[in-house]
Amino acid sequence: MRFLIATGIYPPEVGGPAYYAKNLGDALREKGHHVNLGTFGALKRLPSGLRHLALFFKLIPHARSADVVIALDTFSAALPALFASRLFRKPLIVRTGGDFLWEQYVERTGDLLPLPLFYEKHRAFTLKERCMFALTRYLLHRATIVFSSVFQRDIWARAYGLDAKKTHLIENAVSGGLCETHAPAEKNFLAFGRDIKLKNTSHLYEAFTLAQQKIPGIVLETGQVPHSELMDKISCGYAVILPSVSEVSPNYILDAIRCGKPFILTKYSEYARLYGDLGLLVDPLDVNDIAEKIVQMCDETTYAELSRRISTRLLTRTYADVAEDFQELVKNMGFVNP
């Protein structure tokens, strides 16, 4: 079978969607499928709108020969993929990863609305945001939708008028299996990721300053690093902290579990439900709560118990499993014969 994967970012660019695109493509190839990739690359230098049009033309040759098109977001790459796939009457699968409209809104306004509350309590949208909402709704009703989490599926079913029973759930892989872990040399908390407002770094810095007043020796590490370097840091680190306004299904937490490291995570996340017993959950809008959980994580008894729980939780889902799920979806939907 011939797949075209459209994605907004791809390694060496940093981010969960980039690694997902690469690993899914590799896994499909290992199953004997032919995979082409369409990403912005140098097109990102172009203004918004023009770069989306340019990506549409970039996708056309691959869409013509593809059996199925998979888009790994719901706007940036998905809209060009929608029109390219419809041009040749090819089926389109849209795998949601985050919420582009919510991310743009939070970045513009600084209004730290958790995702479950966003569509009910947001301030007035700009014209651009109203267009984004309308285009996303248009897209979602013209593609086969795959969610990575029940958390986002339920939010979007209400917001965009989707029938949840007609959507599909393909959970993330725990890429690479278990990794080697090392005893930390210090109590360093790792908060690597994009420097955007929904990551809630202002509250994190404020909370960490409060926590340092009680435990002066703790260290906070931030920034962006390649995934291989990130895994090295996690394997040698003390704990991962991700107090974002919301997180759908963050690979960062799976990486922490792989390395046997406890974590602090926003309560607004699918992984708060699935893996909340392996870490500490926080209200991202409550600086004192974040500070208290940092201090609690430094307690030897708490840390040892969380580490023990993680050591007994075996996560074995691979990208081969993810690729198999996509292959079965294509088969069951009657798109083509795999």
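Test Lys199 against the criterion of being among the basic types (Lys, Arg) and crowded, with 20+ Cβ neighbours inside 10 Å, and give yes or no. So that I can check it myself, show each step before the final result.
Numbers: among the basic types (Lys, Arg): yes; crowded, with 20+ Cβ neighbours inside 10 Å: yes.
The answer is yes for Lys199.
Within the range 1-38, take every residue that is out of contact with any Ser or Thr (no Cβ under 6 Å at 6 or more places or on another chain), of a type in the set (Phe, Trp, Tyr) and outside any strand (DSSP E or B) and give me the one that is modelled with the lowest pLDDT.
So the residue we want is Tyr19.
Please go through the range 80-94 and pick out each residue that is under 14 Å from Arg2 (Cα atoms) and β-branched (Val, Ile, Thr).
Across the range 80-94, the qualifying residue is only Ile93.
Being crowded, with 23+ Cβ neighbours inside 10 Å, in the same structural domain as Leu220 (by TED's automatic domain parsing), assigned to a loop (DSSP other than H, G, I, E, B) and in contact (Cβ under 8 Å) with a residue 40 or more places away in the chain narrows it down to one residue among Ser244, Ser249; which is it?
On the way: Ser249 fails: crowded, with 23+ Cβ neighbours inside 10 Å.
Result of the check over Ser244, Ser249: Ser244.
Of the conditions (1) in contact with a helix residue (DSSP H, G or I) (Cβ under 6 Å, 6 or more places away or on another chain); (2) under 30 Å from Asp99 (Cβ atoms), Asp286 satisfies every one except a single condition; which number is it?
(1)
Report, by residue number, each residue of the range 20-39 that is closer than 13 Å to Asp73 by Cα and not aliphatic (A, V, I, L, M). Step through it out loud before you land on a result.
First, pick out the residues of the range 20-39 that are closer than 13 Å to Asp73 by Cα: 20-21, 38-39.
Those that are closer than 13 Å to Asp73 by Cα and not aliphatic (A, V, I, L, M): Tyr20, Gly38, Thr39.
Any idea which residue in the range 298-319 is surrounded by the most Cβ atoms within 10 Å (Cβ to Cβ), counting only those that are among the small types (Gly, Ala, Ser) and modelled with pLDDT of 95 or more? Full working, then the answer.
From the range 298-319, those among the small types (Gly, Ala, Ser) are 304, 307, 311; that's our starting set.
Still in the list and also modelled with pLDDT of 95 or more: 304, 307.
Details: Ala304: 11, Ser307: 15.
Result: Ser307.
Could you grab me the full set of residues in the range 78-120 that are more than 28 Å from Val322 (Cβ to Cβ) and among the hydrophobic types (A, V, I, L, M, F, W, C)?
Val106, Leu112, Leu113, Leu117, listed by residue number.
Exactly one of these conditions fails for Glu103: (1) of a type outside the set (Lys, Arg); (2) surrounded by 15 or more Cβ atoms within 10 Å (Cβ to Cβ); (3) under 26 Å from Ile70 (Cβ atoms); (4) over 19 Å from the mean Cα position of the chain (by Cα). Give me its number.
(4)
Pick from Ala173, Ala157, Ala183: which is part of a loop (DSSP other than H, G, I, E, B) and without any contact (Cβ under 8 Å) to a residue 40 or more places away in the chain?
Step by step, each of Ala173, Ala157, Ala183 is checked, and only Ala183 is part of a loop (DSSP other than H, G, I, E, B) and without any contact (Cβ under 8 Å) to a residue 40 or more places away in the chain.
Between a first residue in the range 257-270 that is closer than 12 Å to Met231 by Cβ and of a type in the set (Ser, Thr, Tyr) and a second residue that is modelled with pLDDT under 95 and buried (at least 23 other Cβ atoms within 10 Å of the Cβ), which pairs have beta carbons less than 7 Å apart while being 6 or more apart in sequence or on different chains?
none
Which residue out of Tyr275, Tyr271 is aromatic (Phe, Trp, Tyr) and surrounded by 23 or more Cβ atoms within 10 Å (Cβ to Cβ)? Walk me through it before giving the result.
On the way: Tyr275 fails: surrounded by 23 or more Cβ atoms within 10 Å (Cβ to Cβ).
Exactly one residue qualifies, and that residue is Tyr271.
Return the only residue of Leu190, Leu280 being free of Cβ contacts under 8 Å to residues at least 40 places away in the same chain, crowded, with 18+ Cβ neighbours inside 10 Å and of a type outside the set (Ser, Thr, Tyr). So that I can check it myself, show each step before the final result.
Details: Leu190 fails: free of Cβ contacts under 8 Å to residues at least 40 places away in the same chain.
Testing whether each residue is free of Cβ contacts under 8 Å to residues at least 40 places away in the same chain, crowded, with 18+ Cβ neighbours inside 10 Å and of a type outside the set (Ser, Thr, Tyr) leaves just Leu280.
Just need a number here: residues in the range 125-153 that are surrounded by 18 or more Cβ atoms within 10 Å (Cβ to Cβ) and not in a helix (DSSP H, G or I).
7
The values are calculated or read from the model by the stated rules, or taken from the named source; none is laboratory data. Note that this is a predicted model, so its numbers are computed, not measured. FYI the Cβ positions are ideal-geometry reconstructions off the backbone, even for glycines, and counts take in every protein chain you see.
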